[in-house]
Amino acid sequence: MRIIEPHRDAGAYALRVLGAANVFRFEEHLAECSACGVRVREFRGVAAELAAYARRTPAGVAPVVSPGPEVLRRMVAAAAVGRRTSRRRRLALVAAAVALGVGGPALVLQGVPADRAGAERWTATGGLPGVSAVVTTGAREWGTDVGLEVARLPVAAGVCALVAVGRDGSEQTVSTWSVAGAGGKPATVRGGAALDPADIDHFEVRASDGHRLATVTR
């Protein structure tokens, strides 16, 4: 299953190894996502330290060439392997819950344990008949960590988006993913919103044409 998560591109963008075709898409996302802004600054700090280390040339030692794009790509790839391994473990827990007879969409929000203080579960209350959606939120210093499990979306919906709607009517895109890429199967995505959990009125799952497929409320 292929899920588009621009949050994953923060490291590659900061280290300047993100493909040119994806830079514009990520920068649009970065303008709305304070969490990715923090990640980009952290990765740039690492890149600066690597460059400084490479410039150090002890006496009698040939100058060290600054780390190139290939080295940085390998670093990002290694970090991605670690994230995938962790994700597989979480999915195994979800599968175990289903095997024990948990009804409806089972969701383990990445990074937001169910027993964490302030964690909330939201469920679909309207939208396209047959679509089911569960959102779990957790408070963070930068806003709200958000996880979604959604099922029975029509493949024709194309690229869908989870949007957080504030009590003041403001909107922030939490995450996007390809329904066709998921083969029409249930999808689990994660994202973040700069809004405080208390300031979020509801979430909406929208199709690429803006049509609302599900409304998710507390």
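The values are calculated or read from the model by the stated rules, or taken from the named source; none is laboratory data. These numbers come from a predicted model, not from an experiment. FYI the Cβ positions are ideal-geometry reconstructions off the backbone, even for glycines, and counts take in every protein chain you see. We work out accessible area using only protein heavy atoms, side chains counted, and drop any ligands, DNA or RNA first. Shrake-Rupley method; radii C 1.70, N 1.55, O 1.52, S 1.80 Å.
Going residue by residue through region 204-218, is there one that turns out to be within 24 Å of V38 (Cβ to Cβ) and open to solvent by less than 40 Å² (accessible area, probe 1.4 Å)? No, every residue in region 204-218 fails to be within 24 Å of V38 (Cβ to Cβ) and open to solvent by less than 40 Å² (accessible area, probe 1.4 Å).
Within region 79-97, identify whether any single residue is at pLDDT below 95 and in contact with a strand residue (DSSP E or B) (Cβ under 7 Å, 6 or more places away or on another chain), and answer yes or no. The answer is no, given that none of the residues of region 79-97 is at pLDDT below 95 and in contact with a strand residue (DSSP E or B) (Cβ under 7 Å, 6 or more places away or on another chain). Taking region 135-193 as the search range and keeping residues that are basic (K, R) and in a strand (DSSP E or B), which one is least open to solvent (accessible area, probe 1.4 Å)? So, considering only residues that are basic (K, R) and in a strand (DSSP E or B), the one least open to solvent (accessible area, probe 1.4 Å) is R140.
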